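The values are calculated or read from the model by the stated rules, or taken from the named source; none is laboratory data. It should be emphasised that the depicted structure is a prediction, and the values quoted were computed from it without experimental measurement. All Cβ positions, even for glycine, are placed from backbone atoms using ideal geometry, and neighbour counts span all protein chains on display. Only protein heavy atoms, including side chains, enter the accessible area calculation; ligands, DNA and RNA are left aside. Shrake-Rupley method; radii C 1.70, N 1.55, O 1.52, S 1.80 Å.
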Amino acid sequence: MDYREVFVREYSDIVRLDRLTWIRRGYIDRSSLYRRVPMPDLFSVSGELIPLPKPRVDSASRVSVAEALLSRRSVRCFEDTPIPLDKLSTLLYLAFGVSKVEPGVYGYSRFPLRTFPSAGALQPQEVYVAVFRVEGIDPGVYRYVFHRHSLEVRARGDFGSSLVSAALDQDHVGEGNIAVAITVRWIRSSWKYGRRGYKYSLLDAGFAGENLYLASQALGLGTCAVGAFYEEDLCRILRVDCSTEIPVLLMPVGVPRSGCDY
Ligand SMILES: Cc1cc2nc3c(=O)[nH]c(=O)nc-3n(C[C@H](O)[C@H](O)[C@H](O)COP(=O)(O)O)c2cc1C
């Protein structure tokens, strides 16, 4: 039996939503706010900043891209020993950091480009780090401030069990050294691309997620993309407004435990 018609009928709202994002020949998006209002801020900082140590990129250079791609697996079982802060610093820098600064982009004299691609270089991705076991930094929820290579304090304390519960009781979410949450401030993409910005911002989050897989692999760590979570709970834990910032991925990262059934 061919179920295609059943799917199209049952999920007709997906078809309608997708069509809202289509590029159509000759159509001019008069609602676009591009050039009419300022670009949504990319550099906001609120709260205390903790500078991260200098990343040790050499510690990842022994693993080739080919090796990282071919050996990558989703890891759901971790050692419970702490990792050093410079490992966290290197991981965040490789996966989400600034790799180039370009003059004259969107009116900025120094516009950052990142290790992940992003539609229009608009970088709607935001990265949050729930720290469970890292030497030299207290457990808590932090936001990665990429242009300062620092962590912005959102909340102190151990959020492991809240995150596990937000992730439909998936224990591995709380068992790594950290859990990274990737959200998108979709208005950054929609500023230029209107409704298509929604599609682009989710794609952008996916690229950042794969970066985290590969950077983890290169540093002897493991991760697992987790897409099943209660949005409302996760937004509350991260202290973000779910209407302007959509959580896309939750990714525990830790040292893979051998002899463990994934
Ligand atoms: C968008 C997305 C959502 C996922 N959600 C979950 C999840 O909620 N829980 C989980 O344990 N794994 C999740 N995964 C991991 C997949 O199960 C995993 O990638 C897949 O089984 C293939 O295994 P591999 O990553 O080792 O190749 C997700 C992966 C992606 C890309």
request  = Consider only pairs whose beta carbons are under 8 Å apart and that are at least six residues apart or on different chains; among these, list those whose first residue lies in the range 191-212 and is without any contact (Cβ under 8 Å) to a residue 60 or more places away in the chain and whose second residue is open to solvent by 10 Å² or more (accessible area, probe 1.4 Å) and among the β-branched types (Val, Ile, Thr).
outcome  = Leu202/Ile246; Leu202/Val248; Gly206/Val248; Gly209/Val248
request  = Count, please, the residues in the range 232-262 that happen to be open to solvent by less than 40 Å² (accessible area, probe 1.4 Å) and in a loop (DSSP other than H, G, I, E, B).
outcome  = 3
remark   = Restricted to the range 182-210 and to residues being within 13 Å of the ligand (Cβ to nearest atom) and open to solvent by less than 50 Å² (accessible area, probe 1.4 Å), the residue nearest to Ser31 (Cα to Cα) is Ala205
ask   = Restricting the search to the range 64-93, which residues are open to solvent by less than 50 Å² (accessible area, probe 1.4 Å), more than 15 Å from the ligand (Cβ to nearest atom) and touching a residue at least 60 places away in the same chain (Cβ under 8 Å)?
value = Ile83, Leu88, Ser89, Thr90, Leu91
task = Please verify whether the range 99-114 includes one or more residues that are assigned to a helix (DSSP H, G or I) and either within 16 Å of the ligand (Cβ to nearest atom) or crowded, with 17+ Cβ neighbours inside 10 Å (or both).
result = no
query = Of the residues in the range 48-60, how many are open to solvent by 70 Å² or more (accessible area, probe 1.4 Å) and outside any strand (DSSP E or B)?
reply = 4
query = Which residue out of Val45, Val37, Val8, Val63 is in a helix (DSSP H, G or I) and either of a type outside the set (Gly, Ala, Ser) or in contact with a Leu (Cβ under 9 Å, 6 or more places away or on another chain) (or both)?
reply = Val8
query = Quick check, is Gly120 modelled with pLDDT of 95 or more and within 18 Å of Leu88 (Cα to Cα)?
reply = no
message = Would you confirm whether or not the range 122-143 contains a residue that is open to solvent by 10 Å² or more (accessible area, probe 1.4 Å) and farther than 30 Å from Val164 by Cα?
response = no
task = Starting from the range 220-232, keep only residues that are within 17 Å of Glu245 (Cα to Cα), then list their pairs with residues that are more than 10 Å from the ligand (Cβ to nearest atom) and of a type in the set (Gly, Ala, Ser) whose Cβ atoms are within a distance under 8 Å, requiring at least 6 positions of separation or different chains.
result = Phe229/Ala166; Tyr230/Ala166
query = Do you know which residues across the range 148-177 are open to solvent by 50 Å² or more (accessible area, probe 1.4 Å) and either charged (D, E, K, R) or within 24 Å of Tyr93 (Cα to Cα) (or both)?
reply = Arg148, Arg154, Arg156, Asp158, Asp169, Asp171, Glu175
